Structures are given as C-alpha cells and as structure tokens.
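Report on the structure given below.
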Amino acid sequence: NPKYPNYKYYGARGIRVCPRWQDFENFLEDMGERPLNTSIDRINVNRDYEPGNCRWATPTEQANNKQSSRKELVTSC
C-alpha cells in the first residue's frame, strides 16, 4: 500500500511475499515455528520473502543485515 510509511522500503522496491506463503500452513511448513526473540529476516535484502531467502533472526542479526549496514567491497589497484 503506497500510503504505508515504509512502502518505499518494500513495495516501491518490488519486495513481495511469495504466493505460496499466502496460505499460512505453507509458510509454517517452510519456516517452522518462530524461535523466541527472533523475527523473519530476508537473507538477501533485495529479494522477496520466499523459501530459501528467509530465516528466523535475532535483532542483532537483522541489524547487521540492513541495506544501510551493508558495506561495499573496495579493492585497490
């Protein structure tokens, strides 16, 4: 929804939830029960919420996986 404050970080970037996960039973089958003190995290922040790209992560793991905390690899010539 473009009116949602965080739309620019998700919908505007094309980040979606896979159709399979529209059924909660499929989501639960793929991800399992949520461990304490975790929330869903996308491994590759530029890909969708989908099997193989999501994990249960602690707040620290999520903070280290944000776009703003990713560092570009710089090599010298």
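The values are calculated or read from the model by the stated rules, or taken from the named source; none is laboratory data. Worth saying up front: this structure is predicted, and the values here are computed from it rather than measured. Heads up, the Cβs are rebuilt from the backbone with ideal geometry, glycines too, and the neighbour counts pull from every protein chain shown. Calculation scope for accessible area: heavy atoms of the full protein, side chains included, ligands and nucleic acids excluded. Shrake-Rupley method; radii C 1.70, N 1.55, O 1.52, S 1.80 Å.
Output the relative contact order of the chain, whole-number percent, from Cα pairs under 8 angstrom with separation of 6+ residues. Working shown, then result.
Details: 64 pairs, mean separation 18.2, N = 77.
Rounded, it is 24 percent for the chain.
Please give the residues of segment 9-33, grouped as numeric ranges, whose backbone N is less than 19 Å from a label point set 7 Å along the Cα-to-Cβ vector of R55.
28-33
Semi-axes of the chain's equivalent ellipsoid from the Cα gyration tensor, sqrt of 5 times each eigenvalue, largest first, rounded to whole Å? Let's see the in-between values first.
Working: eigenvalues 119, 62, 32 Å².
Calculated on Cα positions only, the semi-axes equal 24, 18, 13 Å.
For the chain, what does the accessible surface come to per residue with a 1.4 Å probe? Please give it in Å².
That works out to 80 Å² per residue.
Once the whole set of protein chains is in place, how much accessible area is left on D23, using a 1.4 Å probe, in Å² to the nearest 10?
For D23, the solvent-accessible surface is approximately 80 Å².
With a Förster radius of 35 Å, plug the Cβ-Cβ distance of A63 and E25 into 1/(1 + (r/R0)^6) and report the FRET value to the nearest 0.05.
The formula returns an efficiency of 0.70 here.
Using amide H atoms built in the peptide plane, which far-off residues or other-chain residues are under 5 Å from C54 H to H?
The answer is I43.
Ignoring ligands, DNA and RNA, please state the percent of accessible area on the chain from carbon and sulfur, probe 1.4 Å.
Looking at the chain in its full context, I get 51 percent from C and S.
Could you work out [θ]222 nm for the chain from helices alone, using -39500 (n - 2.57) per DSSP H run of at least four and dividing by all its residues? Round to the nearest 500 deg cm²/dmol.
Per the formula, -4000 deg cm²/dmol.
Rounded to whole Hz and in sequence order, give me ³J(HN,Hα) for segment 49-66 from the Karplus expression 6.51 cos²θ - 1.76 cosθ + 1.60, θ = phi - 60°, writing x for Gly and Pro.
The phi angles translate into 6, 7, x, x, 10, 10, 8, 8, 10, 6, x, 5, 4, 5, 4, 7, 10, 7 Hz.
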